[in-house]
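Visitor: To start, I am sharing the structure in question, which I have written as structure tokens.
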Amino acid sequence: MSHSLHSSIFTVSQLTGQIRTSLEGSFPSVWVQGEISNLRRPASGHLYFSLKDQLSQIRVVLFRGQAQWLRFHLKDGLEVIVCGRVTVYEPRGEYQLILQSLEPKGKGALQLAYEQLKETLAGEGLFDADRKQPLPFLPRTVGIITSPTGAALHDILTVLQRRSPMVNLLIHPVTVQGDDAASHIAEAIETMNNVKGIDVLIVGRGGGSLEDLWCFNEASVVRAIARSAIPVISAVGHEIDYTLSDFAADCRAPTPSAAAEIVAPPWEDLHIRISQNRDRLDRAMRHRIDHDRSEVLNHRQALPDPKLWVYRYVQRVDEYDTRLHSTQQALYGRFRLRLADVCSRIRHASPQHHLQQEKITVALFRHRLIHEGLATLKHYRHRTMIHIASLHNLSPLAILSRGYSLVETVPGGKIVRHFHDVQEGDRVRARLSEGTLLCLIQEARPE
């Protein structure tokens, strides 16, 4: 019984492995509908999220190899339909769904990607009307970026040859369908911008499905059109087809043929318009000249004889000259009087006179300064002598000169003030006014 029990015991890894094998065998491929939540995008490029409904959820993994082909962006809350196989992530013992494909619910992947990318590029301002350039009226050189074998190029060339055969054409052939088409178109736009003399660019292709036209929805193509210094006409598909390139271009043509008609008005119409405008201009100029001639004659009759005006102004000039001469003479007399007054005042205020007065003042101050300085010096010398005498009287050396002595212990140099400070046999030093005595204490007693 014990042996039978132990033979049915699994390790955790064994049990998890058998569960994984069972799940993968039971659900090799399954379609699941749900809402994305807890979306994570690690640096590895794999996508991890949960697929949930109102009651349950399951972990989902979309590896980088499949994720790179998504046309639209995943986000939390997006309803999707996925296809994959059920397996177990053994390190955590959790079952999960490894995806093989993923589509948005109710809306095609391309349509959803179109709307998401349109919103992103519009937020960058690439579709703003104020950044669009005007098209040239009569371009000399037209650049064309399209497939060399498509019907669009044939239509454009046919229209231009019929309407404006003198227009120069520069064709840059590109692929307009497939995975590499977007990069080729964007590179062609950059290349054409480096060519001098191109007045306008036509970028487009013939009609097709949304997937066929998708390269003109790629962000690289839209940004290349927005960066173009040459005005760009987007001519993609038929009239009902709209791509993101149409919104970024300076002009959107419903068809490639319409783009050719926009850039090249017919020469016959231009000749007729020029002739009509020339006739209108000639009639207008003749009418204006006749009108102005009549106005000149009328004004000439109304004007007085110009000689009278000249004589009148000559007389006024003579009058002003006389008044100016009189005014100058009067001003000259006043200036002479003022100059004489100033010269007199300058003589009375001669610098030499002031200098002599200042020299006398300086001599008086010098004499007073010397006298007061000597008196002050004598006063402080006397006070100094008094202080020196007072200090001398207070000096211990002065006391010694009156017959006193200063006794210190040997060694130590401590002043002896009381007989208790020494004992019999101690040595002391007696300091006199002239010299010192080294003494031996034979007896220490009070007086």
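Visitor: Can you report the number of residues in region 74-106 which are outside any strand (DSSP E or B), out of contact with any helix residue (DSSP H, G or I) (no Cβ under 6 Å at 6 or more places or on another chain) and within 30 Å of Leu15 (Cβ to Cβ)?
Guide: Residues that pass the stated criteria total 2.
Visitor: If only one of Pro165, Pro136 is assigned to a loop (DSSP other than H, G, I, E, B), more than 30 Å from Ser13 (Cα to Cα), in contact with a strand residue (DSSP E or B) (Cβ under 7 Å, 6 or more places away or on another chain) and modelled with pLDDT under 90, which one is it?
Guide: Only one candidate qualifies: Pro136.
Visitor: Is region 40-59 home to any residue that is touching a Phe, Trp or Tyr at 6+ places or on another chain (Cβ under 6 Å), assigned to a strand (DSSP E or B), in the same structural domain as Gly77 (by TED's automatic domain parsing) and under 20 Å from Val82 (Cβ atoms)?
Guide: Yes, region 40-59 contains a residue that is touching a Phe, Trp or Tyr at 6+ places or on another chain (Cβ under 6 Å), assigned to a strand (DSSP E or B), in the same structural domain as Gly77 (by TED's automatic domain parsing) and under 20 Å from Val82 (Cβ atoms).
Visitor: Given the criterion more than 19 Å from Phe216 (Cβ to Cβ), under 38 Å from the mean Cα position of the chain (by Cα), hydrophobic (A, V, I, L, M, F, W, C) and surrounded by 13 or more Cβ atoms within 10 Å (Cβ to Cβ), identify the matching residue among Leu160, Leu169, Leu135.
Guide: That would be Leu135, the only listed residue that is more than 19 Å from Phe216 (Cβ to Cβ), under 38 Å from the mean Cα position of the chain (by Cα), hydrophobic (A, V, I, L, M, F, W, C) and surrounded by 13 or more Cβ atoms within 10 Å (Cβ to Cβ).
Visitor: If I ask for residues that are at pLDDT 85 or above and outside any strand (DSSP E or B), which ones from region 223-242 would you list?
Guide: Arg223, Ala224, Ile225, Ala226, Arg227, Ser228, Ala229, Ile230, Pro231
Visitor: In region 22-38, is there at least one residue being at pLDDT 80 or above, surrounded by 15 or more Cβ atoms within 10 Å (Cβ to Cβ) and in contact with a helix residue (DSSP H, G or I) (Cβ under 8 Å, 6 or more places away or on another chain)?
Guide: no
Visitor: From Ser209, Ser220, Ser245, which residue is of a type in the set (Ser, Thr, Tyr) and assigned to a loop (DSSP other than H, G, I, E, B)?
Guide: After applying the criteria, what remains is Ser209.
Visitor: Okay, next question. Any residue at all in region 79-95 that's of a type in the set (Gly, Ala, Ser), outside the structural domain of Tyr242 (by TED's automatic domain parsing) and under 22 Å from Leu210 (Cα atoms)?
Guide: No, every residue in region 79-95 fails to be of a type in the set (Gly, Ala, Ser), outside the structural domain of Tyr242 (by TED's automatic domain parsing) and under 22 Å from Leu210 (Cα atoms).
Visitor: Just to be sure before I move on: is Arg71 outside any helix (DSSP H, G or I), in contact with a helix residue (DSSP H, G or I) (Cβ under 6 Å, 6 or more places away or on another chain) and among the basic types (Lys, Arg) in the structure I sent?
Guide: yes
Visitor: Also: Is there a residue being among the aliphatic types (A, V, I, L, M), surrounded by 10 or more Cβ atoms within 10 Å (Cβ to Cβ), in contact with a Phe, Trp or Tyr (Cβ under 6 Å, 6 or more places away or on another chain) and not in a helix (DSSP H, G or I) anywhere in region 421-443?
Guide: Looking for residues that are among the aliphatic types (A, V, I, L, M), surrounded by 10 or more Cβ atoms within 10 Å (Cβ to Cβ), in contact with a Phe, Trp or Tyr (Cβ under 6 Å, 6 or more places away or on another chain) and not in a helix (DSSP H, G or I), one finds none in region 421-443, hence no.
Visitor: Leu55 fails exactly one of the following numbered conditions: (1) touching a Pro at 6+ places or on another chain (Cβ under 8 Å); (2) among the hydrophobic types (A, V, I, L, M, F, W, C); (3) at pLDDT 75 or above. What is the number of that condition?
Guide: Only one criterion in (1) touching a Pro at 6+ places or on another chain (Cβ under 8 Å); (2) among the hydrophobic types (A, V, I, L, M, F, W, C); (3) at pLDDT 75 or above is unmet by Leu55, namely (1).
The values are calculated or read from the model by the stated rules, or taken from the named source; none is laboratory data. Note that the structure is a prediction, hence the values are computed from the model and not measured. Heads up, the Cβs are rebuilt from the backbone with ideal geometry, glycines too, and the neighbour counts pull from every protein chain shown.
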